[in-house]
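Single-structure report; data block below.
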């Protein structure tokens, strides 16, 4: 599958677009976003949204704090790859090293995200059960 890199201007978005808008655009156009969280502290940032949704769960908050630097490291690695490709300087050894580092980071990230997902699914089931019992 060929990979095509596009920028904000090319797809008709402003660089100042909110993270939420960029995410929605990417989802509706089946795109993958390769960027660091541009608006970490903004009210409309994806991180802020996730933190707000889990504010009542200190375990999830800690998991977010644990996974954040790993994701930042992985994004930096992907940016390094993109830069090498754009500069036509990507050698096989670079590709192998980046792939290995990426794999190792993914092995650290996946279990954390899986645990977060399972916790959220359990909470959702509990809330649904509570609502169902209240309605009956």
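Screening 105, 124 for residues that are surrounded by 12 or more Cβ atoms within 10 Å (Cβ to Cβ), farther than 23 Å from residue 4 by Cβ and within 22 Å of the chain's Cα centre (by Cα) leaves exactly one candidate, 105. Look at (1) part of a helix (DSSP H, G or I); (2) under 28 Å from residue 120 (Cα atoms) and you find that residue 81 fails only one, number (2).
Sub-6 Å Cβ pairs linking a first residue in the range 6-21 that is not assigned by TED's automatic domain parsing to the domain that holds residue 83 to a second residue that is in a helix (DSSP H, G or I), at least 6 apart or interchain, are 19/46, ordered by first then second residue.
Only one of the numbered conditions (1) outside the structural domain of residue 19 (by TED's automatic domain parsing); (2) more than 16 Å from the chain's Cα centre (by Cα); (3) modelled with pLDDT under 85 is not met by residue 113, and that is (2).
Could you tell me which of the residues 66, 96, 56 is in a loop (DSSP other than H, G, I, E, B), farther than 24 Å from residue 6 by Cα and out of contact with any strand residue (DSSP E or B) (no Cβ under 8 Å at 6 or more places or on another chain)? Selected residue: 56, the only one of 66, 96, 56 that is in a loop (DSSP other than H, G, I, E, B), farther than 24 Å from residue 6 by Cα and out of contact with any strand residue (DSSP E or B) (no Cβ under 8 Å at 6 or more places or on another chain).
The values are calculated or read from the model by the stated rules, or taken from the named source; none is laboratory data. Please read all numbers here as calculations on a predicted model, not as lab measurements. Every residue, glycine among them, receives a Cβ derived from its backbone with ideal geometry; neighbour counts consider all protein chains shown.
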